[in-house]
1. Using beta carbons and a limit of 8 Å, which pairs, at least six apart or on different chains, have the first residue in the range 6-30 and farther than 15 Å from M40 by Cβ and the second one modelled with pLDDT under 95 and surrounded by 12 or more Cβ atoms within 10 Å (Cβ to Cβ)?
2. Within the range 2-14, can one find any residue that is of a type in the set (G, A, S), over 30 Å from V79 (Cα atoms) and exposed (fewer than 13 other Cβ atoms within 10 Å of the Cβ)?
3. Can you tell me which residues in the range 29-43 are within 20 Å of the chain's Cα centre (by Cα) and surrounded by 10 or more Cβ atoms within 10 Å (Cβ to Cβ)?
4. Evaluate the following for E43: is it in a helix (DSSP H, G or I), within 26 Å of L9 (Cβ to Cβ) and not basic (K, R)?
5. Working carefully through the options R86, R65, find the one that is over 22 Å from the mean Cα position of the chain (by Cα) and assigned to a helix (DSSP H, G or I).
6. Please verify whether R57 is basic (K, R) and surrounded by 12 or more Cβ atoms within 10 Å (Cβ to Cβ), treating the condition exactly as stated.
7. Take E46 and tell me if it is surrounded by fewer than 12 Cβ atoms within 10 Å (Cβ to Cβ) and either modelled with pLDDT of 85 or more or among the aliphatic types (A, V, I, L, M) (or both).
8. Considering the range 7-29 alone, what residues qualify as being outside any loop (DSSP other than H, G, I, E, B) and among the polar types (S, T, N, Q)?
Amino acid sequence: MKYASVRELKNRTSALVRETAHGDVVVTSRGKPVALLQRMDEEDLEDYVFYSAPAIRREIERRWREYLRTGKSVPLSEVRAARRRRRG
């Protein structure tokens, strides 16, 4: 893991992005961590967007509570199909 100041990020953005191939880069401001540069491929981006969407996050939490209560799980494909049907 590498650390870089905001100033270094401003001056060396391309180089720091390339360095994520070797590990994460923690961006600091006045010595305190404020951001993280992390290697990401298309699948990682899809996962991030999918799990960050508030509606999807609520659905996952709802399904988790249901699983804890009943012990029955629902395949992700079924959850996605139900969301598509609701959207019309």
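1. none
2. The answer is yes; a qualifying residue exists.
3. Across the range 29-43, the qualifying residues are P33, V34, A35, L36, L37, Q38, R39, M40.
4. Taking the combined requirement at face value, the residue satisfies it.
5. R86
6. Yes.
7. Judged against the criteria, E46 is a match.
8. N11, T13, S14, T28, S29
The values are calculated or read from the model by the stated rules, or taken from the named source; none is laboratory data. For clarity, every value in this text was computed on a predicted model and none was experimentally measured. Glycine gets a Cβ as well: all are built from the backbone with ideal geometry, and neighbour counts include every protein chain shown.
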